[in-house]
Amino acid sequence: MTKIAMWSGPRNISTALMRSFENRLDTFVTDEPFYAHYLHKTGINHPYRKEVMADGNTDWNSAVDEITGPIPNGKTIWYQKHMAQHNFPGCDMKWMEKLTNCILIRHPREVIVSYSKKYEITSISKLGYPQQMDLFKLLTDMGISPVIIDAGDVLKNPDKALKLLCRKLDIPFFTEMLNWPAGRRESDGIWGRHWYGSVEASTGFHPYIEKKGDLPSKYQDIYTACMESYQQLYSHRMPLLMEKTAGQSQ
């Protein structure tokens with residue numbers, strides 16, 4: 001039995017990666033189990049706020065009990081898509097020891113360009129980078145080495161990235177992870193109506209295209225702050241080492 005906590009920030013191929021795991025026959029997926037609690041505590045006016053809180057679990061401890069319990073539907077793998085910014089100071093994170101923890105990172109330029117098309121960015125905390133650093137430090141203090149995955153690596157070579165990730169997670173790789181049927185899922189959060197348009201239309205990972213051009217000046221300070229956390233996490237990422245072929249020097 002394997003329970004995976006994939007800690008991401010917004011606009012970070014996190015839903016596409018959830019689709020990838022959901023296309024496995026052995027895997028049950030959960031979409032952002034702490035989102036309702038986050039909206040309840042912050043009062044932030046995200047799209048479908050009331051619906052998310054009504055449908056989700058606004059109690060932290062109760063949500064923890066749910067995601068650390070038995071894997072639903074008789075599956076052997078539980079893939080949980082988490083947003084790092086949904087964590088709150090003072091909330092007990094000891095439960096993370098019961099799961100295999102991964103951190104999904106993406107270059108801040110890519111995230112800021114994508115997020116700003118959907119929602120105004122008012123602070124770095126909305127993008128999850130400092131919270132991902134906090135998680136990394138907390139996990140390492142627990143003696144846990146999280147698997148760190150860069151979204152750019154996945155998009156550049158999904159086959160190699162997912163094979164390596166599965167190896168790190170000690171689970172088999174299936175080619176079904178590379179493609180999935182288009183459309184919505186019952187497992188998608190209600191907020192998917194606002195955020196998931198691109199992934200709903202997809203049948204696989206989009207090819208990597210570097211986003212170029214200058215960021216709006218109002219986001220420069222946020223970008224600089226995000227880069228500091230991103231570069232630290234990137235230095236610990238799961239590298240996609242080129243496989244040596246016969247005849248290459250060792």
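The values are calculated or read from the model by the stated rules, or taken from the named source; none is laboratory data. Everything numeric here is computed off the predicted structure, so don't read it as measured data. Every residue, glycine as well, gets a Cβ built from its backbone with ideal geometry; the counts of neighbours run over all protein chains shown.
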>> Quick test of your reading of the structure: residue 239 fulfils all but one of (1) in contact with an Asp or Glu (Cβ under 9 Å, 6 or more places away or on another chain); (2) surrounded by 13 or more Cβ atoms within 10 Å (Cβ to Cβ); (3) at pLDDT below 95. Name the failing condition by number.
In response: (2)
> Taking segment 43-65, which residues are surrounded by 14 or more Cβ atoms within 10 Å (Cβ to Cβ) and either part of a helix (DSSP H, G or I) or of a type outside the set (S, T, N, Q) (or both)?
Replying inline: 46, 48, 49, 51, 52, 53, 56, 60, 63, 64
> All but one of (1) touching a residue at least 60 places away in the same chain (Cβ under 8 Å); (2) among the charged types (D, E, K, R); (3) part of a helix (DSSP H, G or I); (4) surrounded by fewer than 22 Cβ atoms within 10 Å (Cβ to Cβ) hold for residue 19; which doesn't?
Replying inline: (4)
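I want to confirm something. Restricting to segment 89-136 and keeping residues that are of a type in the set (Phe, Trp, Tyr) and under 17 Å from the mean Cα position of the chain (by Cα), which single residue is surrounded by the fewest Cβ atoms within 10 Å (Cβ to Cβ)? Outline the logic, then answer.
Here is the first cut: in segment 89-136, the ones of a type in the set (Phe, Trp, Tyr) are 95, 115, 119, 129, 136.
Now drop any that are not under 17 Å from the mean Cα position of the chain (by Cα), which leaves 115, 129, 136.
On the way: 115: 20, 129: 26, 136: 23.
The extreme case among them is 115.
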> If you take the residues in segment 73-88 that are of a type in the set (A, V, I, L, M, F, W, C) and closer than 20 Å to residue 196 by Cα, which one is surrounded by the fewest Cβ atoms within 10 Å (Cβ to Cβ)?
Replying inline: 83
> Between residues in segment 77-99 that are over 24 Å from residue 171 (Cβ atoms) and without any contact (Cβ under 8 Å) to a residue 40 or more places away in the chain and residues that are surrounded by 14 or more Cβ atoms within 10 Å (Cβ to Cβ) and among the aliphatic types (A, V, I, L, M), which pairs lie under 8 Å by C-beta distance while being six or more apart or on different chains?
Replying inline: 92/64
> Can you name every residue in segment 180-206 that is in contact with a Gly (Cβ under 9 Å, 6 or more places away or on another chain), charged (D, E, K, R) and without any contact (Cβ under 8 Å) to a residue 24 or more places away in the chain?
Replying inline: 184, 200
> List the pairs whose first member sits in segment 127-154 and is under 13 Å from residue 102 (Cα atoms) and in contact (Cβ under 8 Å) with a residue 40 or more places away in the chain, whose second member is crowded, with 20+ Cβ neighbours inside 10 Å and among the polar types (S, T, N, Q), and whose Cβ atoms are under 7 Å apart, counting only residues at least 6 apart or on separate chains?
Replying inline: 132/229; 133/229; 139/101; 144/101; 146/101; 151/12
> How many of the residues in segment 107-139 are in contact with a Ser or Thr (Cβ under 8 Å, 6 or more places away or on another chain) and either closer than 28 Å to residue 193 by Cβ or polar (S, T, N, Q) (or both)?
Replying inline: 4
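Conditions (1) modelled with pLDDT of 95 or more; (2) within 18 Å of the chain's Cα centre (by Cα), marked per residue:
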| residue | (1), (2) |
| --- | --- |
| 8 | yes, yes |
| 18 | yes, yes |
| 21 | yes, yes |
| 24 | yes, yes |
| 44 | no, no |
| 53 | yes, no |
| 61 | yes, no |
| 69 | yes, no |
| 76 | yes, no |
>> I need every pair where a residue in segment 168-179 that is assigned to a helix (DSSP H, G or I) has its Cβ under 8 Å from the Cβ of a residue that is loosely packed, with under 14 Cβ neighbours inside 10 Å, sequence separation at least 6 or different chains.
In response: 176/25; 178/159
> If you scan segment 185-215, which residues turn out to be over 27 Å from residue 157 (Cβ atoms) and surrounded by fewer than 12 Cβ atoms within 10 Å (Cβ to Cβ)?
Replying inline: 186, 214
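Could you say which residue among 98, 117, 137 is of a type outside the set (A, V, I, L, M) and within 25 Å of residue 16 (Cβ to Cβ)? Spell out how you get there, then give the answer.
Working: 98 fails: within 25 Å of residue 16 (Cβ to Cβ); 137 fails: within 25 Å of residue 16 (Cβ to Cβ).
Every option except 117 fails the conditions.
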>> Is it the case, given these coordinates, that residue 36 is crowded, with 17+ Cβ neighbours inside 10 Å, part of a helix (DSSP H, G or I) and in contact with a Pro (Cβ under 7 Å, 6 or more places away or on another chain)?
In response: no
